[in-house]
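Presented below is the structure to which this report refers.
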Amino acid sequence: MSETSSYGLWSLVVINSLFFIAFAFSFTRPRTSRDWRSLGAYSAFILALFTEMYGFPLTIYLLSGWLSSKFPGIDFFAHDSGHLLEVMFGWSSNPHFGPFHLLSTVFIVGGFWLLAKAWPVLLEAQRTRRVADSGPYARIRHPQYVAFILVMFGFLLQWPTLITLVMFPVLLIVYARLARREELDAIEAFGDAYRSYRQRTPAFIPRLR
């Protein structure tokens, strides 16, 4: 009983998933099918994450033999041991204050901050029918996708699972394709104005200068 008491907490799966999905929804307020696909990809990642964090620890079960042999004496079915990076790198104190958990918080908060800054700029640009090129859009062309990626990467550092590790590169491809389609639509709508913006502004990684 003690081995499974940290899991099977499906109410926490639902509460945490709804919280982080609703939090992202409150910033993005999706309007187009592309917006919904972007939010949907993020939501699938979040649901898979919290299912393993509080519901059913599939990764722990599949890797239990290897983990037990490499790290004897650790109860991997205790919730704190699910912070696998802290365990693997020998962090013996509270994992919530471990280096990977703290770094994950930086990425997650930074991602939501970027989302909060970027989306009002995009909505205003859509309302006035012009190119979004101010705020975060002055530094990168797709800050909303970068924000989702930062949040998901932060959660990977905090609680890595086999499913989310597989999902993450797939979602990178999904966001890259969504960004490409978005740019084709923008070129069709704004022509040279968007071509000039695209030439001077990087897509995902801002220039140092």
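If you go through the range 9-30, how many residues are β-branched (V, I, T), open to solvent by 80 Å² or more (accessible area, probe 1.4 Å) and at pLDDT below 95?
0
Looking at the range 177-192 only, could you name the residues that are small (G, A, S) and within 17 Å of Q144 (Cβ to Cβ)? Let's see the steps before the verdict.
Taking the range 177-192 first, the residues small (G, A, S) are 179, 186, 189, 191.
Once the filter is applied, which keeps residues that are small (G, A, S) and within 17 Å of Q144 (Cβ to Cβ), the range 177-192 yields A179, A186.
Between residues in the range 41-62 that are in contact (Cβ under 8 Å) with a residue 40 or more places away in the chain and on the phi > 0 side of the Ramachandran plot and residues that are open to solvent by 10 Å² or more (accessible area, probe 1.4 Å) and of a type in the set (F, W, Y), which pairs lie under 7 Å by C-beta distance while being six or more apart or on different chains?
Matching pairs, first to second residue: none at all.
Residue-by-condition table, conditions (1) surrounded by fewer than 19 Cβ atoms within 10 Å (Cβ to Cβ); (2) over 17 Å from F23 (Cβ atoms):
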{"position": "S81", "(1), (2)": "yes, yes"}
{"position": "L84", "(1), (2)": "no, yes"}
{"position": "Q126", "(1), (2)": "yes, yes"}
{"position": "A132", "(1), (2)": "no, yes"}
{"position": "G135", "(1), (2)": "yes, yes"}
{"position": "M152", "(1), (2)": "no, no"}
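Restricting the range 90-115 to residues that are in a loop (DSSP other than H, G, I, E, B) and out of contact with any Gly (no Cβ under 8 Å at 6 or more places or on another chain), which is modelled with the highest pLDDT?
G98
Counting residues that are under 24 Å from the mean Cα position of the chain (by Cα), which helices (runs of 4 or more DSSP H) fully inside the range 116-209 reach at least 2? Please lay out each step first, then the result.
Values: elements: 143-158, 162-190, 192-200.
The helices (runs of 4 or more DSSP H) meeting that bar are 143-158, 162-190.
Search the range 126-146 for residues that are closer than 17 Å to R34 by Cα and pair each with any residue that is surrounded by 15 or more Cβ atoms within 10 Å (Cβ to Cβ) and among the β-branched types (V, I, T) when their beta-carbon atoms are under 9 Å apart and the residues are at least 6 apart or on different chains.
A132/V121; R141/T201; P143/V121; Q144/T28; V146/I140
Would you mind finding the one in S196, S104 that is closer than 25 Å to L58 by Cβ and of a type in the set (G, A, S)?
Numbers: S196 fails: closer than 25 Å to L58 by Cβ.
Residue meeting the stated conditions: S104.
Checking the condition β-branched (V, I, T) and open to solvent by less than 40 Å² (accessible area, probe 1.4 Å), which residue from I140, I173 passes?
I140
The values are calculated or read from the model by the stated rules, or taken from the named source; none is laboratory data. Just so we're clear, the structure is a prediction, and the values are computed from it rather than from any experiment. Cβ: placed from backbone, ideal geometry, glycine included. Neighbour counts: every protein chain shown. Areas reflect the complete protein model, heavy atoms only, side chains present, ligands, DNA and RNA absent. Shrake-Rupley method; radii C 1.70, N 1.55, O 1.52, S 1.80 Å.
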